[in-house]
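Asks: Take this structure first; my questions come after.
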Amino acid sequence: MPLLATHNLDAYYGDFQALFGIETYLEEGETVAIIGANGAGKSTFLKSICGLLKVSNDCVVYAGHPIGGLRATSIVRQGIAMIPEGRRLFPSLTVEENLLIGRYGRNVAGPWTLETIFALFPILKERRSTPSTALSGGQQQMVAIGRALISNPRVLLCDEISLGLAPIVIRDIYQALQKIRETGTSVILVEQDIVRAMQTADRVYCFQEGRLSLSGKPNELTRERIQSAYFGT
Amino acid sequence: MLSWVDTILQGALLGGLYALFAAGLSLIFGIMRLVNLAHGDLIVLAAFAILSAMTALGVGPVLAFLIAAPILFCIGYALQHFVLNRTLGRGVLPPLLVTFGLSIILQNALLEGFSADSRRLSAGTIETASLALLNDLAIGLMPLLTFASAVAVILALNLLFYRTAVGRAFRATSDDSEIAQLMGIDNRRIYSLAMGVAMVVVAIAALYLGIRANFDPTIGPARLLYAFEAVIIGGLGSFWGTLVGGIIIGLAQTIGAKINPEWQILAGHIAFFIVLVIHPRGLFPRAID
Ligand SMILES: Nc1ncnc2c1ncn2[C@@H]1O[C@H](COP(=O)(O)OP(=O)(O)O)[C@@H](O)[C@H]1O
Ligand SMILES: [Mg+2]
């Protein structure tokens, strides 16, 4: 039984349907990537899982229990943490406070503490008392990752963690992600950079206009198939 | 010369009372961007609650306050939980309308329950006690105590906000309530807690209001106005700013009254207007709106 699965998942913004019958699963310890063009529904998919968007109850199953449509506070308490698109740090909190707030709803023992997060991103320790708004984009992304990690989640949802960052910073971020995976955390990685997604993930799903257009292991997928699933050509 | 020193001193101390009126409003406005139009009437409600505890139990105002405060905390929590939380996330108008309605209901309910007579919380000899600073200059003990309490309340709110886990959650919710939920912070519970805390501050304001001056069920809206002006002058989200805002209004009123007694109220509003023209976001804005 997979750790997390979606069954026939539909999602709506008012009358507008953004997702159509999405079927996915995530095994314990696995990393899957979601790729797709802008507006394909990747963020919507993550929001449906973490409770920011209401969906029907049995569309999302986690550890054997339906969690679709539960409140975000209850889902994070069960061990699904989200790194939102655009980082969305709390501007009136310092770096350290931004990290600590991540365990407000779920404070459990595990590999991640303030100390181990500072060991993962040493620069954050130096800047722990500065307001989060004073950081560079890459450092802000590190805080956003640490803020999700500190709850010691079983599933980590990452929404475009490389967006707008310099290549060298992206490399650092992905090295950190590798260490996070080594602790056994399962990861859903939304990524626009197809090459990066293929290198990192165990399996890949491609979304196109709210529908699942392709899925498989990176080495099974040809360039042509991905291109047509991505762009719909 | 000395009379001006006296005026300025009185004005600053009066500002302490206005800061007390404003602190609860500032707390609520800062966290949920909700302008509580019933804030002044809640102060009056709290004053009547303290008065009722005094008459029912035959105790002094301070003890009555200590009894009323936890009850008022629960009233604030319940008000937010059952009524105001339902108005959030639907634009600015619903909370304004609901708190406006609440203001009218409170005024009429208090009129029904306590009549239009003006009341006072009598505190005995301390009301008239004063401290002599110089030969011709004395300050009343009550105004001094009011001011000290205002500073203590602001200090306590700052500690709560900046030194505790709940305070972190307050600020995070104020910054971005959607992402706060991803942290496991139940924004509705945070709002209810905040309203409960605000009601305790309101009870402190009511204690000093009732000892210092007469009150009756109709005086709420004017207190709301002073409180609102103090919050806006200070800047959204800054408690110290709210204290400064209260002092500015207190100073303007007493200085205005010294020049011409009829100008007291007007001078306060003019000071508010001038500050707003020069600093549209207030003197010490913290929160991003
Ligand atoms: N808050 C919203 N309200 C209405 N429509 C939205 C909202 N967010 C996203 N959408 C729409 O849903 C679709 C999927 O968006 P999104 O999930 O953000 O795409 P992606 O993350 O893949 O770029 C798009 O057509 C987008 O315009
Ligand atoms: Mg997106």
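Values in this text are rule-based calculations from the coordinates and carry no lab data. This one's a predicted model, so the numbers in the text were calculated from it and none came from an experiment. Positions of Cβ are backbone-derived with ideal geometry, glycine not excepted, and every protein chain shown enters the neighbour counts.
Asks: In Å, what Kirkwood hydrodynamic radius results for the protein assembly as shown from the alpha-carbon pair distances?
Replies: 25.8
Asks: What full-extension length gain, to one decimal in nm, is calculated for A:ASP172 and A:GLU209 as 0.36 nm per residue of separation minus the Cα-Cα distance? Can you show the working numbers first?
Replies: Numbers: separation 37, 0.36 × 37 = 13.32 nm, distance 3.14 nm.
Result for the pair: 10.2 nm of gain on full extension.
Asks: Under a GNM of chain B (C-alpha, springs under 10 Å), which listed residue has the highest mean-square fluctuation: B:ALA132, B:ALA169, B:ALA252?
Replies: B:ALA132
Asks: Moving on to the next point. Within segment A:44-62, name every residue whose backbone N is under 20 Å away from a label modeled 7 Å from Cα of A:ASP15 along the Cβ vector.
Replies: So the set is A:54.
Asks: To continue, here is another question. Just to be sure I understand: with springs between alpha-carbon atoms less than 10 Å apart, which residue in B:PRO70, B:PRO261, B:PRO143 has the highest mean-square fluctuation in the Gaussian network model of chain B?
Replies: Top of the fluctuation ranking is B:PRO261.
Asks: Can you work out the base-10 log of I(q)/I(0) for chain A at q = 0.09 1/Å, using the Debye formula on its C-alpha atoms alone?
Replies: Once normalised to I(0) and log-transformed, intensities are -0.35.
Asks: Below 8 Å, C-alpha to C-alpha, sequence gap of six or more: please give me the relative contact order for chain B in percent.
Replies: After rounding, I find 36 percent.
Asks: Charges on Cβ only, +1 for Lys and Arg, -1 for Asp and Glu, centred on the Cα centroid of the protein assembly as shown; of A:ILE123, B:ALA38, B:ALA150, which one is farthest towards the dipole's positive end?
Replies: Of the options given, the answer is A:ILE123.
Asks: Another one. What does DSSP give for segment A:4-231 in terms of the percent of beta bridges that are antiparallel, rounded to the nearest 5? Walk me through the numbers before you get to the answer.
Replies: Values: 18 of 36 bridges.
Among the beta bridges of segment A:4-231, antiparallel pairing accounts for roughly 50 percent.
Asks: If the only charges are +1 at each Lys and Arg Cβ and -1 at each Asp and Glu Cβ, what is the size of the charge dipole of the protein assembly as shown around the Cα centre, to the nearest 20 debye?
Replies: I would put it at about 440 debye.
Asks: How are the alpha carbon pair distances in segment B:2-278 distributed across 10 Å bins from zero to the largest one, expressed in percent?
Replies: Per 10 Å bin, starting at zero, the Cα-Cα P(r) for segment B:2-278 comes out as 7, 29, 36, 22, 6, 1, 0 percent.
Asks: I've got another one for you. Each residue of segment A:211-221 in order: what ³J(HN,Hα) in whole Hz does its phi give by Karplus 6.51 cos²θ - 1.76 cosθ + 1.60, θ = phi - 60°, with x for Gly and Pro?
Replies: 10, 6, 10, 6, 8, x, 7, x, 6, 8, 9
Asks: Given R₀ = 60 Å, what would the calculated FRET efficiency be for B:THR128 paired with B:VAL92, taking r from the Cβ atoms and rounding to 0.05? Don't skip to the answer; put the middle values down first.
Replies: On the way: r = 45 Å, r/R0 = 0.76.
Approximately 0.85, to the nearest 0.05.
Asks: Which residue, A:THR44, A:THR130, A:THR200, has the most motion in a Gaussian network model of chain A that connects Cα atoms within less than 10 Å?
Replies: A:THR130
Asks: Please report A:MET1, B:MET142, B:MET32, A:MET82 as a ranked list, fewest other C-beta atoms within 10 angstrom at the top and most at the bottom.
Replies: Fewest-to-most Cβ neighbours within 10 Å comes out as A:MET1, B:MET142, B:MET32, A:MET82.
Asks: Now for a different question. In what order do B:LEU110, B:LEU45, B:LEU137 fall by count of nearby beta-carbon atoms within 10 Å, going from fewest to most?
Replies: Going from least to most buried by this count: B:LEU137, B:LEU110, B:LEU45.
Asks: Tell me the mean residue ellipticity at 222 nm calculated for chain B from its helices only (DSSP H runs of n ≥ 4, each -39500 (n - 2.57), averaged over every residue, nearest 500).
Replies: The per-residue figure over chain B is -24500 deg cm²/dmol.
Asks: List the relative contact order of segment B:117-257 as a percent without decimals, with contacts defined as Cα pairs under 8 Å and 6+ residues apart.
Replies: The normalised contact order for segment B:117-257 reaches 24 percent.
Asks: Another question, if that's okay. Quick one: which residues, 5 or more positions from B:LEU137 or on another chain, have an amide H under 5 Å from its amide H? H modelled 1.01 Å from N in the peptide plane, none for Pro or chain starts.
Replies: For B:LEU137, whose amide H was placed from the backbone, there are no distant partners under 5 Å.
Asks: Using the Karplus curve 6.51 cos²θ - 1.76 cosθ + 1.60 with θ = phi - 60°, what ³J(HN,Hα) values do you get for each residue of segment B:111-127, in whole Hz, with x for Gly and Pro?
Replies: 4, 4, x, 10, 6, 8, 4, 8, 10, 8, 9, 8, 10, x, 5, 4, 4
Asks: In peptide A:73-81, how many Cβ atoms from other protein chains are near each Cβ within 10 Å, on average?
Replies: Averaged over the peptide's residues, the number is 3.
Asks: Let me ask another. Computed FRET efficiency, Cβ-Cβ of B:ARG189 and A:GLU28, R0 35 Å: what is it to the nearest 0.05?
Replies: In this case the efficiency is close to 0.65.
Asks: Name the trypsin sites (Lys or Arg not before Pro) in segment B:201-286 that are in a loop by DSSP and that have at most 15 other C-beta atoms within 10 Å, would you? Provide the component values of the computation, followed by the final result.
Replies: Values: sites: B:ARG212, B:ARG223, B:LYS258, B:ARG281, B:ARG286; in loops: B:ARG281, B:ARG286.
Answer by residue number: B:ARG281.
Asks: So how far apart, in nm, are the two label points at A:HIS65 and A:ASN8 if each is 7 Å from Cα heading toward Cβ?
Replies: 2.4
Asks: Could I ask something else about it? What 222 nm value per residue comes from the helices of chain A, counting each DSSP H run with n ≥ 4 as -39,500 (n - 2.57) and dividing by all residues, nearest 500 deg cm²/dmol?
Replies: Helices in chain A give a 222 nm mean residue ellipticity of -9500 deg cm²/dmol.
Asks: Same structure again: Under DSSP H, which helices of chain A have Cα atoms covering 30 Å or more of the helix axis and a Kyte-Doolittle average no less than 0.0? Display every interim value, and only then the final one.
Replies: Values: long enough: none.
None pass (Cα extent of 30 Å or more, hydropathy at least 0.0).
Asks: Return the loop-located trypsin sites (Lys or Arg not before Pro) in segment B:87-170 (DSSP other than H, G, I, E, B) with at most 14 other Cβ atoms within 10 Å of their own Cβ; answer none if there are none.
Replies: Those satisfying the criteria are B:ARG90.
Asks: In nm, give the distance between the simple-model label positions of A:THR130 and B:ALA148, each being 7 Å from the Cα along the Cα-to-Cβ direction.
Replies: My value for the distance between the label points is 4.3 nm.
Asks: For a label point 7 angstrom out from the Cα of B:ARG281 toward its Cβ, which stretches of segment B:231-246 have the backbone nitrogen within less than 16 Å?
Replies: Once the point is set 7 Å along Cα→Cβ of B:ARG281, B:232-239, B:241-242 turn out to lie under 16 Å by backbone N, inside segment B:231-246.
Asks: I would also like to ask the following. Tell me, A:THR113, B:THR146 in order of fewest to most beta-carbon neighbours within 10 Å?
Replies: On the way: A:THR113 15, B:THR146 26.
Placing the least packed residue first, the sequence is A:THR113, B:THR146.
Asks: Continuing with this model, one more query. Using +1 on the beta carbon of Lys and Arg, -1 on that of Asp and Glu, and nothing else charged, what's the dipole of chain B about the Cα centre, debye to 20?
Replies: My answer is approximately 560 debye.
Asks: What aspartates and glutamates sit close enough to A:LYS179 to cross-link, taking a C-alpha to C-alpha distance under 19 Å and skipping anything fewer than 8 places away on the same chain?
Replies: Those aspartates and glutamates meeting the cut-off are A:GLU27, A:GLU28, A:GLU30, A:GLU115, A:ASP159, A:GLU160, A:GLU191, A:ASP202.
Asks: Just want to confirm a number: the relative contact order over segment A:4-231, from Cα pairs under 8 angstrom separated by 6+ residues, in percent.
Replies: Dividing the mean separation by the residue count of segment A:4-231 yields 28 percent.
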